[in-house]
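Everything below concerns the one structure shown next.
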């Protein structure tokens, strides 16, 4: 199965990184989360309700909608926080944060389960430093517009209605969805990032992950 | 025909899905233009009333308007449902901002499963709509509505009309869902040319050639058309005539199974009760489209210090066409609206939030004209930020809103003493007999009759005193002209002043010693 890969790119100021990433990741997860499944007899199931809330950004002229789930929000913020820390403070730099949706495929012992991605969103971030308040004000507005365009791009991709994992039976649900949250159920996802320092060489967590995956096999 | 391939149950389900999708689409769009942040809770257990597994509240008036526009039909090929969002300024100018279109084309997807795939894709499309409604330019405008303009909506069914959006409007596609009877598409066309806002509103010059002139024609009630305000709130507990339980037959599918649904459709999810500030300060003019009594339109009054005087004229009877809403009752006068303290921490913005129109049914034929004092729309003297250099779609408008905040009497109160405001408001509503007529910018002279402290012996009574000192002249040192002129003089005179102070330095030291 081919994994669908989408790339987005934004240029932001240092203090806008968090909100820009949250805005885009939450927009994607809004579309990739359902209500909690409740399986009943005869293999049928009902689905819970997903609430939404508006979030205003402080450093960007932008508002976005996210799923009403504090647990999910905390998880995303944690990942974005780590990404921001890795990017460093006050330095120009480039980095990429990836949101990957995957399915688990059970393997026989001693092999561990395989994670097969079916959709990967890569958000390239270019951090700029601005000299004065007027530039920052313009940046607030421009980044807001850019994020709006990215949201439209995301919606466009989602509405192509390409591959989505089949709705699983009760025994398979944990291979497709993240059932650990108590109020919503996103597809299984993971967030990774890699940082490119100013010299352009790649100091990446991807290498570490590759090695870890190889060893896990 | 396409329909013959569809089982009767599937056809019935599909029609139900399309109907509720259309209603929810309208709710999402209008709620996104209310000017407030929307927040709904996720529920892990389905209630049976949340269509498409999304918590989208149903504002009864909006549902009613949507159903009225649909008139029992469904969006279909050649029959589009459109939600038009427009802006109306306090001066009566209006402008269409965007039109959301729910259409269907002939491209069918015969193999798609109705009760499962179509339903889930419609849910996805609603989520996309939630996201996109925050991204079009009208969102930011709607968040700032209240003092100078309001956002209105109009739902219509039939052919899409985009001519009101001006030249160069942009279109964004929200998404498509294929069904066995056609492909549903949802898109938004939005205006990019807001040029009239910067000229008309602030400089009061003639409209730019090329702008649709009829936006500025002051037809009595005519330019309201069938617009409803996006910030209208029906009373929370009042079922009125819009009881959603009439749809108790319509149960939303939250269960993907053959087992029966768990609960009947509930009429409403609760939403925020209206927030009011200061009955006496608050005025809410309602104008009614005389041609269609159902079109009660409520505008934001100007709350707070500059006051306002709602006028009420005799009630007119309903037209026969709306016989089922036959009762005619008058809207209670403004000063009976209960004062509810503002509970939000959003400061000045909250004061211009919702209006509570008690007991207004669609047939409340009430005409209230609105008179207000100048103050809220004073042209800002001196510098105006030119934003032509900024490359923004609504550059001409955005800093204006910022300017308006500086002019906003709620943020910067006028010179008159603050404590006079509630008194002034209630006194005005008592003595408001004479003034009338349509909304004007001019200062309206009201015979000021203070309720107490009137002394016939002295030439000056409280009323006269109040009038004379209500608008004291500006302090000379605060006048812009004087200060800009004397700045240079001040600087020049500084060395002399310093020399004098140095000469008298012993006196100053002695004075300081006495303080210790």
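Remarks
- For the criterion of being within 9 Å of another protein chain (Cβ to nearest Cβ) and under 24 Å from residue A:116 (Cα atoms), residue A:30 passes.
- Given (1) over 19 Å from residue A:130 (Cα atoms); (2) touching a residue at least 12 places away in the same chain (Cβ under 8 Å); (3) more than 13 Å from the chain's Cα centre (by Cα), number of the condition residue A:56 does not satisfy: (2)
- When each of B:77, B:59 is tested for being more than 8 Å from chain A (Cβ to nearest Cβ) and more than 20 Å from the chain's Cα centre (by Cα), the lone residue that passes is B:77.
- Those residues of segment B:125-138 which are crowded, with 22+ Cβ neighbours inside 10 Å and either over 25 Å from residue B:72 (Cα atoms) or away from every other protein chain (no Cβ under 14 Å) (or both), in sequence order: B:127, B:128, B:130, B:131, B:132, B:133, B:134, B:135, B:136, B:138
Residues checked against (1) at pLDDT 95 or above; (2) farther than 21 Å from residue B:115 by Cβ; (3) within 14 Å of chain A (Cβ to nearest Cβ); (4) surrounded by fewer than 17 Cβ atoms within 10 Å (Cβ to Cβ):
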| site | (1), (2), (3), (4) |
| --- | --- |
| B:3 | no, no, no, yes |
| B:6 | no, no, no, no |
| B:12 | no, no, no, yes |
| B:16 | no, no, no, no |
| B:24 | yes, no, yes, no |
| B:35 | no, yes, yes, no |
| B:46 | no, no, yes, no |
| B:50 | no, no, yes, no |
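- Test: residue A:83 is closer than 17 Å to residue A:9 by Cβ, crowded, with 20+ Cβ neighbours inside 10 Å and within 14 Å of chain B (Cβ to nearest Cβ): no
- Among the residues making up segment A:118-165, those that are over 18 Å from the mean Cα position of the chain (by Cα) and part of a strand (DSSP E or B) are A:127, A:128.
- Segment B:35-57, residues that are within 22 Å of residue B:145 (Cβ to Cβ) and in contact with a helix residue (DSSP H, G or I) (Cβ under 9 Å, 6 or more places away or on another chain): B:35, B:36, B:37, B:38, B:56, B:57
- Among the numbered conditions (1) within 10 Å of chain A (Cβ to nearest Cβ); (2) crowded, with 20+ Cβ neighbours inside 10 Å; (3) assigned to a strand (DSSP E or B), the only one that residue B:173 does not meet is (2).
- Residue B:28, sole failed condition from (1) within 14 Å of chain A (Cβ to nearest Cβ); (2) in contact with a helix residue (DSSP H, G or I) (Cβ under 6 Å, 6 or more places away or on another chain); (3) modelled with pLDDT under 95: (3)
- Number of the condition not met by residue A:163 [criteria: (1) in contact with a strand residue (DSSP E or B) (Cβ under 7 Å, 6 or more places away or on another chain); (2) at pLDDT 90 or above]: (2)
- Any hit, segment B:147-162, residues being surrounded by fewer than 24 Cβ atoms within 10 Å (Cβ to Cβ) and within 11 Å of chain A (Cβ to nearest Cβ): no
- Residue selected from segment A:58-80 under the condition more than 11 Å from chain B (Cβ to nearest Cβ) and within 22 Å of residue B:132 (Cα to Cα), by the criterion surrounded by the most Cβ atoms within 10 Å (Cβ to Cβ): A:60
- Residue in segment A:36-56 that is surrounded by fewer than 17 Cβ atoms within 10 Å (Cβ to Cβ) and either modelled with pLDDT of 95 or more or more than 14 Å from chain B (Cβ to nearest Cβ) (or both) present: yes
The values are calculated or read from the model by the stated rules, or taken from the named source; none is laboratory data. Quick caveat: nothing in here was measured; it's all calculated off a predicted structure. Please note: Cβ atoms are built from the backbone with ideal geometry, for glycine as well, and neighbour counts cover all protein chains shown.
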